[in-house]
Amino acid sequence: MRSSAIPPARTLELAVEHTSLASSLICRGALDARGAPRLRGAVDGALGRPSVLVYLDLEDVTSVDAAGARVVAATIRRCTSERVHLELWPGAAVERMLVGLGVPLPRRAYPSRPCALAAGPGVPSAARDSHRHPVWAIPPAAPRASMGP
């Protein structure tokens, strides 16, 4: 009997960026018991700053366990209690876990996901070049109406 090698679990990749108005936390990979403490530390750092906005992008999280879901749920509660606006992009895996736990998802104020981690090796260069910009710099969808003729 041959046993096949089990591929290693994908670890959590985390990118953190702070500006004077916002803290962005962008994750990719597995949000599990190994990666949850890193995300918790990044959230603690973001909430320790005088930010107007915490942006938590979990769109590229491929799997989440109970430890990861607890960190996200605690982040939602903390932002609500500390009156910090949370822009949460949960992704399918995280959203399923939060809905299953009965955690209400916060409403997003911004219509599109403003930033992403650069793609890894083997990804076409068009997908690798992600354009990052602050969420408050999203251009309006249509030109403003004119008062003139």
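Derivation of every value follows stated rules applied to the coordinates shown; laboratory data play no part. Computed from a predicted structure; not experimentally measured. In this analysis, Cβ positions are derived from the backbone assuming ideal geometry, glycine residues included, and neighbour counts consider all displayed protein chains.
I need a count of the residues in the range 63-77 that are surrounded by fewer than 16 Cβ atoms within 10 Å (Cβ to Cβ) and either within 21 Å of A109 (Cβ to Cβ) or in contact with a Lys or Arg (Cβ under 7 Å, 6 or more places away or on another chain) (or both).
1
Any idea how many residues of the range 23-57 are under 10 Å from L12 (Cβ atoms) and crowded, with 23+ Cβ neighbours inside 10 Å?
Matching residues across the range 23-57 total 5.
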